Amino acid sequence: MPEIRFQEIDTPIPRPKPRWKTQPLPPLEDGLHEGVPFDDYKKREGLNKSTAFGAARQSMAHLRYALDHAEDKQTPDTRLGTMLHARVLEPDRFWDEFLTVAKIPGKPLKDGKPGKPKELLPNSSEPVWQRAEALHPGRLVMAPGQLEQIDAMAKQIEADKEAVNLLRGGRREVSLFWRELGGRVVCKGRIDHIRESKNVIIPVDLKKCQDASDAGMEKAVYNFGHYMAAAVYGRGLNKLLQLGYTPQLMLVFVEDTPPYAINIVEIDVAAIEQGWLEYERVMRMFVACSEVDHWPPYRDTNAEVGSVSVPPYRLTDRIKPTILLEDVRD
């Protein structure tokens with residue numbers, strides 16, 4: 001396996017304590033943890049790929065806001081991803097925690113008569129699944145047709161020998177916590193699945209997508225920061241398990257529309273090294289901002305006004321004017 005180089009910085013410098021707007025839960029002990037609910041993981045202190053790649057790419061002010069507001073914001077896409085993960089990786093949990101609109105239990109008896117679930121009443125503009133979840137806290141309700149969609153996606157994965165080999169056995173939904181930069185930064189990561197094959201640790205993530213072609217996956221790896229996730233996971237696993245090598249992330253992609261095609265790729269060494277360079281830069285900026293409790297946005301106070309142009313590729317595609325304005329007559 002090609003060697004992936006990380007710069008070791010282990011100077012024991014006290015880690016600054018940032019002033020959080022919303023006090024996070026303390027990080028778990030350094031190590032690999034199974035059975036940690038995702039909501040609990042999100043609320044625990046730590047810099048992960050999502051904040052480093054997403055918010056920090058905008059500005060340190062965005063990073064600070066993301067860390068201060070770590071609540072889980074569900075969107076239709078993230079909901080579908082959550083349901084797919086449970087269906088493929090934890091099928092027993094899937095049937096315990098998810099409901100379909102057609103199978104929502106009725107409300108408790110009222111005045112000796114069974115109540116009709118409010119979510120099935122037609123006099124509300126809210127989606128049926130949204131009204132259902134209000135009546136059944138702690139459970140996600142699938143919108144009409146979603147069960148069939150998730151089942152079809154799962155069956156495509158289960159029909160692929162290599163995908164089954166990667167996603168069966170091993171450890172599931174593993175949370176990693178460790179320290180970097182001499183203990184000044186708490187890092188964390190959440191890996192869908194970890195398996196061991198021939199004494200080699202293989203981290204695996206399951207991703208839904210719109211385009212699972214080779215070209216589509218290359219775009220997704222860059223646009224969604226999967227290459228940085230590979231670097232963070234590999235670094236954490238290597239340090240925590242003292243492997244002596246950096247595990248390379250495998251990604252199982254499945255399209256969310258028929259025919260629900262799948263593809264499998266491994267993040268290469270060059271991409272992992274690039275991901276770590278970017279992640280380390282964010283860690284250094286995080287430490288610098290924490291020390292003075294200053295988190296600059298796009299422009300700092302009293303900064304000079306900049307200029308803006310159009311994208312460079314548009315400058316090479318100018319249209320040559322053939323009519324001058326002064327030639328135009330009423």
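The values are calculated or read from the model by the stated rules, or taken from the named source; none is laboratory data. These numbers come from a predicted model, not from an experiment. Reconstructed Cβ throughout: ideal geometry from the backbone, glycine too, with neighbour counts over all protein chains shown.
A few notes on this one:
- Among residues of the range 178-214, those that are at pLDDT 95 or above and of a type in the set (Gly, Ala, Ser), counted: 3
- Meets criteria (at negative phi and either in contact with a strand residue (DSSP E or B) (Cβ under 9 Å, 6 or more places away or on another chain) or free of Cβ contacts under 8 Å to residues at least 60 places away in the same chain (or both)) for residue 252: yes
- Checked against (1) surrounded by fewer than 23 Cβ atoms within 10 Å (Cβ to Cβ); (2) modelled with pLDDT of 95 or more; (3) in a strand (DSSP E or B), residue 260 meets all criteria but (3).
- Residues in the range 31-45 that are exposed (fewer than 15 other Cβ atoms within 10 Å of the Cβ), of a type in the set (Asp, Glu) and part of a loop (DSSP other than H, G, I, E, B): 1 in all.
Residue by residue, here is whether (1) surrounded by 15 or more Cβ atoms within 10 Å (Cβ to Cβ); (2) under 30 Å from residue 298 (Cβ atoms); (3) modelled with pLDDT of 90 or more holds:
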| position | (1), (2), (3) |
| --- | --- |
| 10 | no, no, no |
| 29 | no, no, yes |
| 47 | yes, yes, yes |
| 58 | no, yes, yes |
| 69 | no, yes, no |
| 73 | no, yes, no |
| 79 | yes, no, no |
| 91 | no, no, no |
| 99 | yes, no, no |
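- Residue in the range 273-283 that is crowded, with 18+ Cβ neighbours inside 10 Å and basic (Lys, Arg) present: no
- One residue from 229, 215 being assigned to a helix (DSSP H, G or I) and buried (at least 16 other Cβ atoms within 10 Å of the Cβ): 229
- A Cβ distance below 9 Å, combined with a sequence gap of six or more or placement on separate chains, defines the contacts here; from the range 300-315, residues that are farther than 30 Å from residue 289 by Cα reach residues that are modelled with pLDDT of 80 or more and of a type in the set (Gly, Ala, Ser) in the pairs 315/309.
- Residue under evaluation residue 301, criteria (1) modelled with pLDDT under 95; (2) in contact with a helix residue (DSSP H, G or I) (Cβ under 8 Å, 6 or more places away or on another chain), criterion not met: (2)
- A single member of 230, 271, 215 is of a type in the set (A, V, I, L, M) and free of Cβ contacts under 8 Å to residues at least 12 places away in the same chain, and it is 215.
- Test set (1) at pLDDT 90 or above; (2) assigned to a loop (DSSP other than H, G, I, E, B) - residue 63 fails condition number: (2)
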